[in-house]
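Peer 1: The structure that follows is given in the form of structure tokens.
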Amino acid sequence: MMELKLRIILLVFSLLSLIILTNLVKRYRLELKYALLWISISILFVVLAIFPSIADFTADIMGIKASVNAIYFLGIISLLMISFSLTISLSRTSNRVKNLTQELGLIRQKMDDIEKNISIDKPSKD
């Protein structure tokens with residue numbers, strides 16, 4: 001069984017993170033697609049703080065003696081999920097930047113070719 005002190009700390013930090021995430025999404029400083037995983041994890045920890053029997057049950061299923069260790073384990077797994085999600089997003093963004101850079105290079109080359117053709121076609125003023 002989780003100690004009351006741990007439950008209160010878990011509840012306070014989870015609710016605080018939910019409030020901060022909500023404000024960031026409302027002020028368009030964080031996109032909802034990135035906040036959803038954080039929000040889900042915060043809600044999970046709120047539920048675990050309110051209903052510690054779920055943490056006990058989870059610890060029993062995983063073969064962990066103390067529910068506190070199960071909470072830490074779930075926290076680490078949550079952070080790994082967030083890290084993996086951000087890595088995927090970063091990879092997509094990197095590929096998009098590379099493609100846009102290549103497109104920009106091709107467009108600049110076409111502009112240079114057009115400018116050369118225009119300067120060749122102009123009659124000289126003699």
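Peer 1: Scan region 84-111 residue by residue and report those that are within 25 Å of TRP38 (Cα to Cα) and either aliphatic (A, V, I, L, M) or at pLDDT below 95 (or both).
Peer 2: SER85, LEU86, ILE88, SER89, LEU90
Peer 1: Out of all the residues in region 45-55, is one or more surrounded by fewer than 15 Cβ atoms within 10 Å (Cβ to Cβ) and within 21 Å of SER83 (Cα to Cα)? Can you show your working first?
Peer 2: Our first condition is that a residue be surrounded by fewer than 15 Cβ atoms within 10 Å (Cβ to Cβ); within region 45-55, this holds for 47, 50-51, 53.
So of that shortlist, the ones also within 21 Å of SER83 (Cα to Cα) come out as none.
No - not one qualifying residue is present in region 45-55.
Peer 1: For residues in region 64-85 being without any contact (Cβ under 8 Å) to a residue 12 or more places away in the chain and farther than 15 Å from LEU10 by Cα, which is surrounded by the most Cβ atoms within 10 Å (Cβ to Cβ)?
Peer 2: ILE64
Residue by residue, here is whether (1) assigned to a helix (DSSP H, G or I); (2) in contact with a helix residue (DSSP H, G or I) (Cβ under 8 Å, 6 or more places away or on another chain); (3) farther than 20 Å from MET2 by Cβ holds:
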| position | (1), (2), (3) |
| --- | --- |
| ILE19 | yes, no, yes |
| TYR28 | no, no, yes |
| LEU44 | yes, yes, no |
| VAL68 | yes, yes, no |
| ILE82 | yes, yes, yes |
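Peer 1: Right, something else. Can you confirm whether ILE120 is more than 30 Å from the chain's Cα centre (by Cα) and over 25 Å from ILE19 (Cβ atoms)? Steps first, please.
Peer 2: Numbers: more than 30 Å from the chain's Cα centre (by Cα): yes; over 25 Å from ILE19 (Cβ atoms): yes.
When the stated conditions are applied, ILE120 passes them.
Peer 1: What are the residues in region 39-63 that are among the aromatic types (Phe, Trp, Tyr) and within 26 Å of ILE19 (Cβ to Cβ), if any?
Peer 2: Result: PHE45, PHE51.
The values are calculated or read from the model by the stated rules, or taken from the named source; none is laboratory data. Worth saying up front: this structure is predicted, and the values here are computed from it rather than measured. Neighbour counts run over all protein chains shown; Cβ positions are idealised from the backbone, glycine included.
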